[in-house]
1. Is it the case that residue 56 is within 9 Å of the ligand (Cβ to nearest atom) and not in a strand (DSSP E or B)?
2. Any idea how many residues of region 83-93 are more than 9 Å from the ligand (Cβ to nearest atom) and buried (at least 21 other Cβ atoms within 10 Å of the Cβ)?
3. What's the total number of residues in region 11-30 that are more than 9 Å from the ligand (Cβ to nearest atom), touching a strand residue (DSSP E or B) at 6+ places or on another chain (Cβ under 6 Å) and among the aliphatic types (A, V, I, L, M)?
4. Yes or no: region 131-138 includes at least one residue that is basic (Lys, Arg) and in contact with a Lys or Arg (Cβ under 9 Å, 6 or more places away or on another chain).
5. If I go through region 141-163 residue by residue, how many of them are surrounded by fewer than 19 Cβ atoms within 10 Å (Cβ to Cβ), of a type in the set (Val, Ile, Thr) and either under 20 Å from residue 175 (Cβ atoms) or within 12 Å of the ligand (Cβ to nearest atom) (or both)?
6. All but one of (1) touching a residue at least 60 places away in the same chain (Cβ under 8 Å); (2) open to solvent by less than 20 Å² (accessible area, probe 1.4 Å); (3) not hydroxyl-bearing (Ser, Thr, Tyr) hold for residue 128, so report the exception by its number.
Amino acid sequence: MDFSNKVIIITGASSGIGASCALHFAALRAKLSLVARNVDKLRNVAEECEKISGTKPLTIAADISVEEDNARIIQETAERYGTLDVLVNNAGILTLAGCLDNIKIFDQMVATNVRGTYLLTQKAIPYLIETKGNIINVSSVASQSVISPMTAYSMTKAALDMFTKCAALELAPKGSFQSKN
Ligand SMILES: NC(=O)c1ccc[n+]([C@@H]2O[C@H](COP(=O)([O-])OP(=O)(O)OC[C@H]3O[C@@H](n4cnc5c(N)ncnc54)[C@H](OP(=O)(O)O)[C@@H]3O)[C@@H](O)[C@H]2O)c1
């Protein structure tokens with residue numbers, strides 16, 4: 001598969017699944033915008049991508065729970081590449097917490113896993129409609145299985161599942177499709 005003319009934003013690209021995704025798409029020659037808060041870890045992943053593809057990804061230090069950061073992610077990607085084909089909404093946090101734990105833990109997970117993902121997607125959609133692009137939301141088995149104590153996290157991932165379905169229906173007439181992992 002050749003992605004050499006495809007522009008892909010990957011959030012949470014500084015470690016784990018997002019970093020693996022970045023390396024995989026680098027091998028497919030995609031043009032990458034890698035997003036996370038930890039600049040050093042992000043730079044390391046970008047260097048690994050460059051070794052694979054010969055092209056340096058754009059790295060964007062940003063917190064998706066901050067509205068202005070989401071606008072900047074899209075703006076910097078558009079300035080560098082002029083277009084967008086795929087948004088990988090992978091950034092997420094998991095803190096073990098149940099109903100009796102501090103509401104701040106719940107708020108933090110909602111702000112990143114749900115609101116941040118929603119906001120970034122909103123800002124990416126105009127570009128994705130242009131390219132008939134794709135959105136990949138990284139959910140979790142915890143969205144559908146009851147695992148204790150993951151009440152707050154599971155709720156955020158269940159919300160993400162429903163966002164994926166609703167947005168797919170909403171955007172389908174425009175030629176953009178979502179899928180979920
Ligand atoms: N690993 C699993 O078994 C598993 C299972 C099911 C689902 N998932 C989901 O898969 C995704 C990736 O998880 P992972 O296991 O790879 O975890 P991870 O290694 O902790 O990666 C999470 C990534 O998200 C970034 N991130 C967190 N909060 C952010 C924020 N506010 N703004 C921007 N970036 C943020 C982190 O980077 P910085 O800290 O540098 O910002 C990091 O790059 C998550 O959505 C998670 O819920 C994981």
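The values are calculated or read from the model by the stated rules, or taken from the named source; none is laboratory data. None of the values given here were measured: they were computed from a predicted structure. All Cβ positions, even for glycine, are placed from backbone atoms using ideal geometry, and neighbour counts span all protein chains on display. Ligands, DNA and RNA are excluded from the accessible area calculation, which covers all protein heavy atoms including side chains. Shrake-Rupley method; radii C 1.70, N 1.55, O 1.52, S 1.80 Å.
1. Details: within 9 Å of the ligand (Cβ to nearest atom): no; not in a strand (DSSP E or B): yes.
It is false that residue 56 is within 9 Å of the ligand (Cβ to nearest atom) and not in a strand (DSSP E or B).
2. Narrowing region 83-93 to residues more than 9 Å from the ligand (Cβ to nearest atom): 83-88.
Imposing the further condition that a residue be buried (at least 21 other Cβ atoms within 10 Å of the Cβ) reduces the set to 84, 87-88.
Total satisfying the criteria: 3.
3. The number of residues fulfilling the criteria is 2.
4. First, the residues of region 131-138 that are basic (Lys, Arg): 132.
Checking the rest, the ones that are also in contact with a Lys or Arg (Cβ under 9 Å, 6 or more places away or on another chain) come to 132.
Yes: one or more hits.
5. Number satisfying all stated conditions: 2.
6. Going through the list (1) touching a residue at least 60 places away in the same chain (Cβ under 8 Å); (2) open to solvent by less than 20 Å² (accessible area, probe 1.4 Å); (3) not hydroxyl-bearing (Ser, Thr, Tyr), residue 128 breaks only (1).
Here's the yes/no breakdown for (1) farther than 29 Å from residue 155 by Cα; (2) touching a residue at least 24 places away in the same chain (Cβ under 8 Å); (3) away from the ligand (no atom under 15 Å from the Cβ):
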{"residue": "32", "(1), (2), (3)": "yes, yes, no"}
{"residue": "35", "(1), (2), (3)": "no, yes, no"}
{"residue": "47", "(1), (2), (3)": "yes, no, yes"}
{"residue": "63", "(1), (2), (3)": "no, yes, no"}
{"residue": "75", "(1), (2), (3)": "yes, no, yes"}
{"residue": "78", "(1), (2), (3)": "yes, yes, yes"}
{"residue": "81", "(1), (2), (3)": "yes, yes, yes"}
{"residue": "95", "(1), (2), (3)": "no, yes, no"}
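This table checks each residue for (1) more than 16 Å from the ligand (Cβ to nearest atom); (2) assigned to a loop (DSSP other than H, G, I, E, B); (3) small (Gly, Ala, Ser).
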position	(1), (2), (3)
104	no, no, no
107	no, no, no
113	no, no, no
116	no, no, yes
120	no, no, no
124	no, no, yes
128	yes, no, no
135	no, no, no
139	no, yes, yes
